[in-house]
1. Looking at region 75-85 only, could you name the residues that are in contact with a Lys or Arg (Cβ under 9 Å, 6 or more places away or on another chain), under 20 Å from residue 128 (Cβ atoms) and either assigned to a helix (DSSP H, G or I) or in contact (Cβ under 8 Å) with a residue 60 or more places away in the chain (or both)?
2. Anything in region 21-34 that is touching a residue at least 40 places away in the same chain (Cβ under 8 Å) and part of a helix (DSSP H, G or I)? List them, or say none.
3. Hey, among 223, 164, which residue is modelled with pLDDT of 70 or more and not aromatic (Phe, Trp, Tyr)?
4. For region 26-45, what are the residues that are surrounded by 15 or more Cβ atoms within 10 Å (Cβ to Cβ) and either in contact with a Lys or Arg (Cβ under 6 Å, 6 or more places away or on another chain) or aliphatic (A, V, I, L, M) (or both)?
5. Regarding residue 37, is this residue touching a Ser or Thr at 6+ places or on another chain (Cβ under 7 Å), in a helix (DSSP H, G or I), of a type outside the set (Asp, Glu) and farther than 17 Å from residue 99 by Cα?
6. All but one of (1) surrounded by fewer than 16 Cβ atoms within 10 Å (Cβ to Cβ); (2) within 21 Å of residue 205 (Cα to Cα); (3) among the aliphatic types (A, V, I, L, M) hold for residue 167; which doesn't?
7. Please find, among 136, 108, the residue that is part of a helix (DSSP H, G or I), closer than 25 Å to residue 205 by Cα and at pLDDT below 95.
8. I need every pair where a residue in region 195-209 that is in contact (Cβ under 8 Å) with a residue 12 or more places away in the chain and part of a helix (DSSP H, G or I) has its Cβ under 6 Å from the Cβ of a residue that is among the hydroxyl-bearing types (Ser, Thr, Tyr) and buried (at least 21 other Cβ atoms within 10 Å of the Cβ), sequence separation at least 6 or different chains.
Amino acid sequence: MRDLPPPLPPAQRTVGQLIGESIRAYGNDFWRLLPAGLPIAAVDQASVHEHALVQVLLYYAAGPFITAAYVWACSVVYRRPPTWTAFLVGMTVYLPFPVLRAGFAFPGVAWLAFLGLAVPAAVVERLAFRAALARGRELGLAHYLHAFFSLAALGLVVVIAEQALQVLLHSQSGNSYRGALLLADVVLSPLLYVGGALLYQDQAARVGSRRADVHPPLDADSAGRADPEGQP
């Protein structure tokens, strides 16, 4: 078998490669990241067959736990300790999310693509509250379509995988629908947080590339020219 080609650097990484790297990173720290799936699993258990308004309220009640799970995933992926600033930034970003996702998922994804990277920025760069929000916006807009489609694709992958796992668990072991949903959520939803953490790396590299293009290095010849002024 031929060796797989090396992955592209973060500044050139595609949506598919981001998903692949997210799966790899999740697998490398599976047991440490697995508890991050508990908040979404609990919300899904409580919101089965509930009306949209009840689901919104449940997502608000679970907001601190979902935010803490994201901060923890960023901490694990980048080997940096979590901070209260990252948690507060995450809670601020999370505030409109339950309403945005209530009718259709993509408005919530669009919002997280725009500002959600403030959380890993606060963890990795140890930024203050306002600086982290500003950095998150800068990262989101560095290549907004890449951020949006990456988060949307991660969500679709997790949803499809959860449905397949639910069918397998329900048919093979006789688990109830709720039990199958619980196991699928716990196992697969941490991938969303890991993907968001790695997306920070992609967008930060794109910001660096853009700054390099806007501010090219000085021409060494013109800076160090020894000819007297006016001479040919």
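The values are calculated or read from the model by the stated rules, or taken from the named source; none is laboratory data. Note that the structure is a prediction, hence the values are computed from the model and not measured. Virtual Cβ from ideal backbone geometry, glycine too; neighbours counted across all protein chains shown.
1. Of the residues in region 75-85, the ones in contact with a Lys or Arg (Cβ under 9 Å, 6 or more places away or on another chain) are 76, 80, 83, 85.
From what is left, the residues that are under 20 Å from residue 128 (Cβ atoms) are 80, 83, 85.
85 - this is the single residue of region 75-85 that is in contact with a Lys or Arg (Cβ under 9 Å, 6 or more places away or on another chain), under 20 Å from residue 128 (Cβ atoms) and either assigned to a helix (DSSP H, G or I) or in contact (Cβ under 8 Å) with a residue 60 or more places away in the chain (or both).
2. Passing the criteria: 21, 22, 23, 25, 26, 32, 33, 34.
3. On the way: 223 fails: modelled with pLDDT of 70 or more.
Testing whether each residue is modelled with pLDDT of 70 or more and not aromatic (Phe, Trp, Tyr) leaves just 164.
4. 33, 36, 38, 40, 41, 42, 43
5. Against the criterion (touching a Ser or Thr at 6+ places or on another chain (Cβ under 7 Å), in a helix (DSSP H, G or I), of a type outside the set (Asp, Glu) and farther than 17 Å from residue 99 by Cα), residue 37 qualifies.
6. (2)
7. Every option except 108 fails the conditions.
8. So the pair list comes out as 195/22; 198/22; 199/150.
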